[in-house]
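Here is the structure we will look at.
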Amino acid sequence: MSDEVKVPYVNENCIGCWACVAICSDVFDLDDEWKAFAKTWMDTSNSSWIDDAIWACPVNAIHYKD
Ligand code: SF4
């Protein structure tokens with residue numbers, strides 16, 4: 001198992017449905033324009049909830065940075 005920390009980001013496809021925030025509010029939040037963003041300053045090493053948020057996003061807007 002790698003100790004590499006995967007950092008998520010949200011692209012411009014976000015429609016502000018809130019699903020990722022509901023699933024993983026430690027990492028995701030919505031900005032003033034109802035676009036989600038990843039709080040990349042948070043510890044994202046426990047990424048199981050992030051994977052769930054990626055799966056739940058209806059427009060496939062969440063990815064990991066390379
Ligand atoms: S689940 Fe996807 S569409 Fe919904 S707020 Fe999060 S990034 Fe945006």
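The values are calculated or read from the model by the stated rules, or taken from the named source; none is laboratory data. This one's a predicted model, so the numbers in the text were calculated from it and none came from an experiment. Cβ coordinates were reconstructed from backbone atoms using ideal geometry, including for glycine residues, and neighbour counts include every protein chain displayed. Remember, those area values only see protein heavy atoms, side chains included, never the ligands or the DNA or RNA. Shrake-Rupley method; radii C 1.70, N 1.55, O 1.52, S 1.80 Å.
At-a-glance table
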| quantity | calculated |
| --- | --- |
| Square roots of 5 times each gyration tensor eigenvalue, C-alpha, the chain, largest first, Å | 19, 11, 11 |
| Accessible surface of Val5 - all protein chains present, 1.4 Å probe, nearest 10 Å² | 70 Å² |
| Taking the stretch 8-64 and dividing mean pair separation by its residue count, relative contact order in percent (alpha carbons under 8 Å, at least six apart) | 46 percent |
| Accessible area of the chain belonging to carbon and sulfur atoms, whole % at 1.4 Å probe | 51 percent |
| Accessible area expressed per residue, the stretch 8-64, with surrounding protein chains retained (probe 1.4 Å, Å²) | 62 Å² |
| Positive-end residue of Ile62, Phe37, Val27, charge dipole of the stretch 8-64 with Cβ unit charges | Ile62 |
| Along the chain, longest interval not containing exposed chymotrypsin sites (Phe, Trp or Tyr not before Pro), exposed being DSSP loop plus at most 15 other Cβ atoms within 10 Å | 42-66 |
| Potential extension, Lys39-Val7 segment - 0.36 nm per residue separation minus Cα distance | 10.6 nm |
| Inter-probe distance in nm under a simple model that places probes 7 Å from Cα toward Cβ, at Ser25 and Ser48 | 2.0 nm |
